[in-house]
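> Would you mind keeping the following structure in view while I ask a few things?
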Amino acid sequence: MQRIFYLVQKEFRQIFRDRAMIGILFVMPLIQITLLGYAITTDVKNVDIVFADLDRTPMSRAFLQRFGHTPYFHPVGVEDDERALPSWLDHGRARLAVVVPTHFQRDIVLGRRPQLQVLVDGIDGNTAGVSLGYLTRIAQQYQSDIIAHDPSLGLRLRDIRLTETETRFLFNPMMESKAYVVPGIVALILLIITVFLTSMGIVREKEIGTLEQLTVTPIRASQLILGKVIPFSILGFVEITVAMGFIYLIFGIAVEGSVLLLFAESAVFVLTTLGVGIFISTISETQQQALFVGWFFMIFAILLSGFFIPIANMPDAVQYLTYLNPLRYFLVILREIYLKGTPLSLLLPETLAMMAFGIGVFGLAVLRYRNVLR
Amino acid sequence: MLIEVRNFSRSYGTRPAVSDLDFTVRRGELFGLIGPDGAGKTTTMRTLVTLLRPDAGTLTVAGNDAVRDTRSIRSMIGYMPQRFSLYPDLSVEQNLRFFGELFSVPKTELPARLERLYRFSRLQPFARRLAGRLSGGMKQKLALSCTLIHNPVLLVLDEPTTGVDPVSRHEFWDILRELRTQGVTILVSTPYMDEARLCDRIVIMHEGRALAQGTPDELIASRPATLTSLAPSLEDVFISLIEENTRHAN
């Protein structure tokens, strides 16, 4: 027991001998949070939009004006002829083109429903879909405003009985992607620290030969592993605490649920990543190899976690594969606790899946470590 | 007998590294494994200190089996591999203390041990310097000090002076001989004949086999004077043994 303490003490001495390390500890989460929080966004803003106003009436102009007053669109021009529109899209000067038909005003006044034609640049399917949604909202809003201002029109339209759906987004009312992305960064930081520092810490001792030196002391393999794993776990927890602080300061997003539960779940998650880190150290002879294998693992873990790409969008076979990814569960848990304050009782399936993986991977890695390094 | 090696064989894949090696080391002896690269010196030492398993034969240290009793062997030996390793980012004293702590040297006794080790290594003035900033000779002395911190019964040193400057080499062997007078048994490997001459007994190894063993004087006496060398040196003995061995093999 005391030996483990000395190993941990030695590890911390080495970590803090490196002044740069302290900087990295605080700067890394700051950069990741700011960069990822702002850059990884599925919000659509300032979409270049061009119009063809074939009606040229007060109503059509008032309708077009509305696009100038939202942050979502950026009107770049108004044409008289709809045939001029495709060239705007072809040259990438606009991503959306709207044709206001002739008799737009007359049709509204008469209670007929004018049809808008919309041309969308579909290269970026996500932006196209989202901006089309915004456009529909603006048109609906315009329609209901007119009805409100003109009671006679409203009376005539009452017979049509429009069914309107009103969507309300809970937990993330502004539909901001940063609320979704940012808690995920906590997982990434934990992943990086534990996988990379653990594997490279062990492999580094292999490289300089001290691992063999430690092996011929009376330390047991299990003590040696604990001596490596404890300092990096502590570091990982310090790191996510710092990260949560930054998330609150920069984005104003605080943990909705129990912070204690969040840490406990993190501990379960870390069991897997430490296991992976130890495993990597048993198959790598140099730090470069460890780094390479670590990246290989991390890319897959992140891509198949639903962090960037929703799992539901993946092919079936790949979706099954994601069940083997502990990050998949941890991301769900993090977001639930962070944004909704979900209690443990509702997170049990994910927690148990993660725990099973953690114990399995960690156990296998330790067994392998003992066989390789005796 | 402190070390007994009987019929020891070990191969890496199909390539034999050591075949049927026999030798014994008495308590308090300075014993040398002598031979060129690839002779099997390192394999023998690594097996003895429980880092490798033998394919055949038995190796014991003070009656402890190198396969079964790994932990008791590990606590009584000090092993310094060819490329000894310290933590370059820890100071001289931190390195020493760390190894002392791992070997459970009592806290009350640690200062006295450190002082004794500083006395012979003369590293006291550099106690706070990072190990990575020491010269080659000083690193070697620190490494030796680290393997001595727990007062081992047996020191196993694998080519401790390879790549060390002549002055430091000389100093290092002075330290070894002083240690022997204090009763530490030392098993050392070296490719240098002048160092072999300083051992109490040696075994000459070549391509995994023991060609001869005895005191350096016995080995020299066992070779008759030839026309080319009237008074053969250990080096002559070594070369003629190897030539003989190669002829047998063909």
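> What number goes with the only condition from (1) surrounded by 18 or more Cβ atoms within 10 Å (Cβ to Cβ); (2) more than 30 Å from residue B:9 (Cβ to Cβ) that residue B:202 does not pass?
(2) is the only condition that residue B:202 fails.
Yes or no, residue by residue, for (1) touching a residue at least 60 places away in the same chain (Cβ under 8 Å); (2) under 22 Å from residue A:363 (Cβ atoms):
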{"residue": "A:246", "(1), (2)": "yes, no"}
{"residue": "A:250", "(1), (2)": "yes, no"}
{"residue": "A:271", "(1), (2)": "yes, yes"}
{"residue": "A:300", "(1), (2)": "no, yes"}
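> Residues that are within 29 Å of residue A:307 (Cβ to Cβ) and not aromatic (Phe, Trp, Tyr): list the helices (runs of 4 or more DSSP H) wholly contained in the range A:184-252 that include at least 1 such residues.
Those helices (runs of 4 or more DSSP H) span A:198-208, A:221-251.
> Out of A:78, A:98, A:8, A:44, report the one residue that is in contact with a strand residue (DSSP E or B) (Cβ under 7 Å, 6 or more places away or on another chain), among the β-branched types (Val, Ile, Thr) and either within 14 Å of another protein chain (Cβ to nearest Cβ) or crowded, with 16+ Cβ neighbours inside 10 Å (or both).
The unique qualifying residue is A:98.
> As an exercise: evaluate residue B:87 against (1) among the hydroxyl-bearing types (Ser, Thr, Tyr); (2) assigned to a loop (DSSP other than H, G, I, E, B); (3) closer than 30 Å to residue B:4 by Cβ and give the number of the one condition it does not meet.
It is condition (3) that residue B:87 fails.
> Same structure, new question: Tell me which of these residue B:66 doesn't satisfy, since it passes every other one: (1) surrounded by 18 or more Cβ atoms within 10 Å (Cβ to Cβ); (2) of a type outside the set (Ser, Thr, Tyr); (3) at the interface with chain A (Cβ under 10 Å from one of its Cβ atoms); (4) free of Cβ contacts under 8 Å to residues at least 24 places away in the same chain.
Checking residue B:66 against (1) surrounded by 18 or more Cβ atoms within 10 Å (Cβ to Cβ); (2) of a type outside the set (Ser, Thr, Tyr); (3) at the interface with chain A (Cβ under 10 Å from one of its Cβ atoms); (4) free of Cβ contacts under 8 Å to residues at least 24 places away in the same chain, the one that fails is (3).
> Please enumerate the residues belonging to the range B:153-199 that are under 14 Å from residue B:49 (Cβ atoms) and surrounded by fewer than 20 Cβ atoms within 10 Å (Cβ to Cβ).
Once the filter is applied, which keeps residues that are under 14 Å from residue B:49 (Cβ atoms) and surrounded by fewer than 20 Cβ atoms within 10 Å (Cβ to Cβ), the range B:153-199 yields only B:153.
> Right, next: Could you please find all residues in the range A:1-39 being touching a Phe, Trp or Tyr at 6+ places or on another chain (Cβ under 7 Å), hydrophobic (A, V, I, L, M, F, W, C) and touching a residue at least 12 places away in the same chain (Cβ under 8 Å)?
Within the range A:1-39, A:30, A:33 meet the criteria.
> Here is a further query. Among the residues of the range A:207-214, is there at least one that is over 25 Å from residue B:104 (Cβ atoms) and within 14 Å of chain B (Cβ to nearest Cβ)?
Restricting attention to the range A:207-214, the residues satisfying the condition of being over 25 Å from residue B:104 (Cβ atoms) are A:207.
Add one more test, that the residue is within 14 Å of chain B (Cβ to nearest Cβ), and what stays is A:207.
Yes: one or more hits.
> Conditions first: (1) in contact (Cβ under 8 Å) with a residue 12 or more places away in the chain; (2) part of a helix (DSSP H, G or I); (3) among the polar types (S, T, N, Q). Residue A:305 passes all but one, so which condition is the exception?
(2)
> Does residue A:73 qualify as being at pLDDT below 90, under 20 Å from residue A:147 (Cα atoms) and crowded, with 16+ Cβ neighbours inside 10 Å?
no
> Could you grab me the full set of residues in the range B:106-134 that are touching a Ser or Thr at 6+ places or on another chain (Cβ under 8 Å) and either over 20 Å from residue B:178 (Cβ atoms) or β-branched (Val, Ile, Thr) (or both)?
B:127, B:128, B:129, B:130, B:131, listed by residue number.
> What's the total number of residues in the range B:134-161 that are assigned to a helix (DSSP H, G or I), among the small types (Gly, Ala, Ser) and at pLDDT below 90? Explain how you work it out, then say what you get.
From the range B:134-161, those assigned to a helix (DSSP H, G or I) are B:136-148; that's our starting set.
Narrowing further to those that are among the small types (Gly, Ala, Ser): B:136-137, B:143, B:145.
In the following step, the residues that additionally are at pLDDT below 90 were identified as B:136-137.
Counting residues in the range B:134-161 that are assigned to a helix (DSSP H, G or I), among the small types (Gly, Ala, Ser) and at pLDDT below 90 gives 2.
> Is it true that some residue in the range B:119-141 is closer than 27 Å to residue B:42 by Cα, among the hydroxyl-bearing types (Ser, Thr, Tyr) and more than 10 Å from chain A (Cβ to nearest Cβ)?
Yes; the residues of the range B:119-141 include at least one that is closer than 27 Å to residue B:42 by Cα, among the hydroxyl-bearing types (Ser, Thr, Tyr) and more than 10 Å from chain A (Cβ to nearest Cβ).
> Tell me which of these residue A:1 doesn't satisfy, since it passes every other one: (1) of a type outside the set (Phe, Trp, Tyr); (2) away from chain B (no Cβ under 14 Å); (3) surrounded by fewer than 17 Cβ atoms within 10 Å (Cβ to Cβ).
Residue A:1 satisfies all of (1) of a type outside the set (Phe, Trp, Tyr); (2) away from chain B (no Cβ under 14 Å); (3) surrounded by fewer than 17 Cβ atoms within 10 Å (Cβ to Cβ) except (2).
> Separate question: For the range B:72-109, name all the residues that are farther than 25 Å from residue B:17 by Cα, among the charged types (D, E, K, R) and either within 12 Å of chain A (Cβ to nearest Cβ) or surrounded by 20 or more Cβ atoms within 10 Å (Cβ to Cβ) (or both).
B:89, B:93, B:97, B:101, B:107
The values are calculated or read from the model by the stated rules, or taken from the named source; none is laboratory data. These numbers were taken from a predicted model, which means no experiment stands behind them. All Cβ positions, even for glycine, are placed from backbone atoms using ideal geometry, and neighbour counts span all protein chains on display.
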